[in-house]
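See structure below.
The values are calculated or read from the model by the stated rules, or taken from the named source; none is laboratory data. Remember, predicted model here, so these are calculated numbers, not experimental data. Using ideal geometry, Cβ is built from the backbone for each residue, glycine included, and neighbour counts are taken over all protein chains shown. Calculation scope for accessible area: heavy atoms of the full protein, side chains included, ligands and nucleic acids excluded. Shrake-Rupley method; radii C 1.70, N 1.55, O 1.52, S 1.80 Å.
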Amino acid sequence: MSKKSPGGPVSSLLKYPQDSRQQICRSLMQLAVNTIEGKPIGEGALEKFSVQYSDINVFDLYAIVLNIVKVIMKLPVGHTKTEALKERLKESLFPEEVAAEFMNILCDPRRETFFNKVCHNTYNSKLTRLRWRIDITISSSILSRVLEPCICIEMILSNGSVIVFELSMAKFHYLRYNVATVLKEMESLQNRRHVKGAV
Amino acid sequence: MSWITATPRLQRAVEIINNLDSSKFPLLLNRIAQALQAGSGGGKVFTDEEEEKLQASLNLDHDSLKLLLESTSYIIEQAAYHMTKPAVFHHSLLETLKMNKDKAQTFVNTWSNTAKGIVEQLRKKSLFPAQLEDIKWSLRLQTSSSTHGRQAVPKAVFQFGIKENDSVNNVTVDFNHNELFEFYKKIEKIQAQLDNLK
């Protein structure tokens with residue numbers, strides 16, 4: 001236990017004026033969010049604060065902030081007993097303005113999109129670009145008049161590979177049918193989810 | 001321009017055809033036409049073993065059988081290339097190639113029955129090496145993760161089987177809802193352009 005904070009890192013916050021407290025907690029929360037998101041954290045990110053706020057054990061404080069942010073982040077969007085969380089923050093002796101900052105994270109509409117980013121990296125590639133062209137064969141060595149359209153597709157994937165292939169009309173309809181089916185399934189899945197979320 | 005020319009080689013083949021057993025020829029012709037309809041043109045219609053049996057059954061030597069099979073395919077392929085009408089086809093077999101009446105009639109019957117399928121098959125033939133062969137997909141729902149207790153993120157995985165040089169290369173691509181919707185819009189755009197062609 002550090003000599004700097006006999007009453008724990010949270011109570012030693014009170015030694016600083018309100019705006020400084022808010023300032024450091026906000027910075028630590030941002031750092032926590034970045035950590036959860038898996039963004040690179042610069043070396044000595046915490047040491048910097050430890051110099052500035054010498055009365056606080058910044059490392060202990062950060063550990064607490066990180067845990068609270070993690071818990072808040074895990075709460076389902078639009079589903080939370082806000083009051084209960086407020087109570088718990090009060091119990092943890094955080095000054096009111098800091099507690100309000102935590103509540104802001106909870107209510108941040110960006111929280112939902114944040115989840116989609118986390119663990120977004122998938123084993124499989126993503127489609128980064130799609131180019132296409134429709135060819136009509138006029139004539140060939142085996143048939144004097146063909147006049148059959150076919151589709152040429154170039155897919156550029158997130159792993160950098162370029163895939164070029166051709167589709168006959170039959171295969172194109174098959175592709176169109178499959179994509180439409182999955183899209184419909186996905187949307188009905190989301191609708192069911194909204195219905196559940198409203199309960 | 002006629003759809004077929006009586007070359008010496010073809011004339012020799014017609015001589016063989018004229019001498020064939022009238023009950024066996026329709027079977028042989030049908031088998032060749034079926035193979036063309038199934039798109040195996042270019043490859044061999046009969047296996048080596050079958051060819052040996054044919055030699056015995058039709059009483060032909062190896063070279064004559066080869067000439068017979070190649071020429072029969074050639075006549076049908078030429079008819080297909082020019083999309084020859086059965087009446088014109090019949091007339092040329094009799095007048096240009098000097099084929100016997102019964103053999104010419106057999107040819108016309110087979111051609112009338114299989115022309116549509118053969119031409120359709122040839123129309124679909126493409127020289128493009130990579131062809132989309134198969135599509136598989138699965139729809140997944142991410143229900144929780146290391147950062148979030150309860151969530152519901154649908155994810156689609158598509159596997160495109162692309163056939164290239166007789167081997168299939170599977171390309172697997174992930175889509176979330178937005179990405180899939182964008183993909184769908186592009187496909188619809190292609191469809192709209194195809195509709196404009198009509």
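Residues that are in contact with a helix residue (DSSP H, G or I) (Cβ under 6 Å, 6 or more places away or on another chain), surrounded by fewer than 17 Cβ atoms within 10 Å (Cβ to Cβ) and not hydroxyl-bearing (S, T, Y) occur in the range B:145-164; there is at least one.
Identify the residue in the range B:113-144 that is of a type in the set (A, V, I, L, M) and in contact with a helix residue (DSSP H, G or I) (Cβ under 8 Å, 6 or more places away or on another chain) and, among all such residues, is surrounded by the fewest Cβ atoms within 10 Å (Cβ to Cβ).
So, considering only residues that are of a type in the set (A, V, I, L, M) and in contact with a helix residue (DSSP H, G or I) (Cβ under 8 Å, 6 or more places away or on another chain), the one surrounded by the fewest Cβ atoms within 10 Å (Cβ to Cβ) is B:L141.
The residues of the range A:154-180 that are more than 8 Å from chain B (Cβ to nearest Cβ) and closer than 19 Å to B:F181 by Cβ, listed by number, are A:I156, A:S158, A:Y177.
Taken together, the criteria place B:K103 among residues that are among the charged types (D, E, K, R) and open to solvent by less than 40 Å² (accessible area, probe 1.4 Å).
Which residue out of A:S12, A:S27 is open to solvent by less than 50 Å² (accessible area, probe 1.4 Å), away from chain B (no Cβ under 14 Å), assigned to a helix (DSSP H, G or I) and over 19 Å from A:M73 (Cβ atoms)?
A:S12
Kindly provide the set of residues from the range B:53-86 that are without any contact (Cβ under 8 Å) to a residue 40 or more places away in the chain, over 19 Å from B:L27 (Cα atoms) and under 24 Å from the mean Cα position of the chain (by Cα), ordered by number. B:M83, B:K85, B:P86 - these are the residues of the range B:53-86 that are without any contact (Cβ under 8 Å) to a residue 40 or more places away in the chain, over 19 Å from B:L27 (Cα atoms) and under 24 Å from the mean Cα position of the chain (by Cα). Starting from residues that are closer than 24 Å to B:S144 by Cα and among the polar types (S, T, N, Q), keep the ones in the range A:70-105 and report whichever is surrounded by the most Cβ atoms within 10 Å (Cβ to Cβ). Among them, the one singled out is A:T80. Scanning the range A:36-69 for residues that are open to solvent by 60 Å² or more (accessible area, probe 1.4 Å) and not in a loop (DSSP other than H, G, I, E, B) yields A:E47, A:K48, A:V51, A:Q52, A:F59, A:N67. If you filter the range B:156-198 down to residues that are under 17 Å from A:S161 (Cβ atoms) and among the hydroxyl-bearing types (S, T, Y), you find that the one that is modelled with the highest pLDDT is B:T172. The set of residues in the range B:85-100 being among the hydroxyl-bearing types (S, T, Y) and either at pLDDT 95 or above or crowded, with 21+ Cβ neighbours inside 10 Å (or both) consists of B:S92 alone. Tally time: how many residues in the range A:92-132 are modelled with pLDDT under 80 and charged (D, E, K, R)? Going through the range A:92-132 one residue at a time, the tally reaches 5.
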